[in-house]
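Encoded as structure tokens, the structure appears first; notes follow it.
The values are calculated or read from the model by the stated rules, or taken from the named source; none is laboratory data. Remember, it's a predicted structure, so these values are computed and weren't measured experimentally. These accessible areas exclude ligands, DNA and RNA; they are computed on the full protein's heavy atoms, side chains included. Shrake-Rupley method; radii C 1.70, N 1.55, O 1.52, S 1.80 Å.
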Amino acid sequence: MTRPDGQDEDQLLAYLRGQTDEDSMKRIDAQADTDPVFRAELALMRGLKCALAEEDGAAPDGWDRLSAEIERTRPANSTERPLWRIAALFLGAAILLQSAFLVSTSRDEPLFRTVSEEPALPSLAIAFRTDATLAEVETLLGTAGARIVDGPSALGLYWVAFENDAARQSGQITLEASPLVSLVAED
């Protein structure tokens, strides 16, 4: 394999083992004389000669000793389960729990409505006076038979819904008569 500096990996290994031809040896020596980084790399490779050697100098039974040491230090209670299987199990459980939660919390009525969608229940747009308290507003809405379904808008308008048209008509009269309401408009 050719390296970025133009040298061939196999020729460098052969050079370190003393198994290269005269021309290659001269070329490698010349580059080592002019390039300090290349010279340091050769020194490192000479230090690792036992690990890089293909024939002589390799540690006898090195791989067998390493395998035996790994087996010796392995915990006795190792279950050998891959991590991805455990993660998949937890992910599947999370999906089942979310699905059960979504099914159990589903309602027949929509939780929101789009701007283009007509409201399902009769409604009014109202604005409360700025000094009205929350307790007063809740009491008034309970008396009028209304509940807030949207708002406040940028203009401070709330949309309140009623069970039917008759409840809306009587609720509108109650809301218009209240001193807490500054505006009542049909939606």
Review point. Top to bottom by accessible area (1.4 Å), largest first, where do R168, R129 land?
Key: R129, R168
Revision key, fill the gap. Any residue on another chain or 5+ positions along whose placed amide H is under 5 Å from the amide H of R147 is listed here as A161
